[in-house]
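The values are calculated or read from the model by the stated rules, or taken from the named source; none is laboratory data. If you're wondering where the values come from, they're calculated on a predicted model, not measured in any experiment. Methodologically, a virtual Cβ is constructed for each residue, glycine included, from the backbone with ideal geometry; neighbour enumeration extends over all protein chains shown. The area values use the complete protein model at the heavy-atom level, side chains included, leaving out ligands, DNA and RNA. Shrake-Rupley method; radii C 1.70, N 1.55, O 1.52, S 1.80 Å.
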Amino acid sequence: MNAFVSRDPAAVPRLLLTLGIIALLWPGFRLTEFDPGALIDPRSRETMGKFIASFFPLASSPEFLALVARSTFETLAIATAGMVVAMAIAWPLALMVARSLSISRIGPGPGFTAGRILRLPVRFALMFFRSIPEIVWALLFVRAVGLGPAAGVLAIGVTYGGMLGKVYSEILESNDTRPTTVLLESGAGRLPAFFYGTWPVALPELVSYTVYRWECAVRASVIMGFVGAGGLGQQMELSMRMLSGGEVSTILLVFLLLVVLADGISALLRRMTA
C-alpha cells in the first residue's frame, strides 16, 4: 500500500473521493428502490417478453404509412420551428450574459459592477425558462392556442431557449477569448467583437450543440404529443390507446431514422465548419 501511494501521491485522495461518491449515491439507489435483480426475475422476463412481442409485426398498411409520413413532416416542422424560436430567445440573452464580450471587464472599467448586476435577471430568465419541463409549457400553450403543433413549437421554443442560452454563453466563455479581447481593447463594440473574434472560434461547437438540441426537440415532441401538441407523439398516443403495438413499433422505427438523420447532419455540419 505504501509503495503504491509513493508511486501515485494522488491515490489516497482519489480513493477517498470514490468512497465519498459511493456513500452519497447509495441512499439515492435505496430511495428509488433500484433493484437490477428484478430484470432477471422469471415473471419480469415473461411480462417484458409478452410486451415486446406485441410490437410485431410492424404496421405497414399504405393508409397508416401515409399517416405516419404526414406526422413525421409535422414533427420535423415542430422541432425546426421550435428551435428557431429557441435561438431567437437564446442568442440575445447569451450575448448579454457572456462575460467574454463585456467591455467593462477589460479594465475593469466604468460599468463593471452595473454590468454584473444587469446580468443577474438575464441569468434568472434563462434558469426560469429551462427549469419548467417542456410538457408543462405544452399544457399551458395548449390552453392558450388550442390543440395542435403551435403549442409544441412554443413549448420547445421557451424551454430550449433557456437551455441554448445557458450553453451558448458557456461556449462563448470557454473558447479562446484572446481575439475577442484584442478587438475590445482596440475599441470595437460587442457585436463586431463577437462576429470577428468569438464566432469563428466557437462556431463548430455551437453548430454541434444546436443540432444535438434539434435532435432532442424531435424526441421531445413524442412527450408533447401526449398532451395534444401534434406530430408523431400524438399519433403514438392514439396507437397506444388502441393497444396497437405494431403501429407503435413502426413509429419508433421512424424516430430511430430521424435520430440517424440528425446525427448525419451534425457530422456534415461539423466537417463544413471545422
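Over the chain, DSSP H runs of length four or greater, each weighted -39,500 (n - 2.57), average out per residue to a 222 nm ellipticity of -26000 deg cm²/dmol. With the whole protein complex present, residue 47 retains an accessible surface near 90 Å², based on a 1.4 Å probe. To put it simply, the accessible area of the chain at a 1.4 Å probe is 71 percent carbon and sulfur. With both labels modelled 7 Å from their Cα along Cα-to-Cβ, the residue 118 to residue 219 distance reads 3.8 nm. With all protein chains kept in place, the per residue accessible area of the range 139-257 amounts to 44 square angstrom at a probe of 1.4 angstrom.
Span-like helix check, the chain: qualifying full DSSP H segments, with Cα axial length of 15 Å or more and mean Kyte-Doolittle of -0.5 or more, are 11-31, 62-97, 112-131, 134-145, 149-174, 199-225, 231-241, 245-273. Each of 258, 253 has its accessible area taken with a 1.4 Å probe; listed largest first, they run 253, 258.
Residue 26 sits with roughly 150 Å² accessible to a 1.4 Å probe, with DNA, RNA and ligands left out of the calculation. With each label modelled as a point 7 angstrom along the Cα→C-beta vector, the residue 99-residue 17 pair spans 2.3 nm.
Find the percent of Cα-Cα distances in the chain that exceed 28 Å, and round it to a whole number. Cα-Cα pairs of the chain separated by over 28 Å account for 57 percent. The calculated FRET efficiency for residue 56 paired with residue 259, based on their beta-carbon distance and R0 = 25 Å, is about 0.75. The 1.4 Å probe gives accessible areas that order 169, 174, largest first, as 174, 169.
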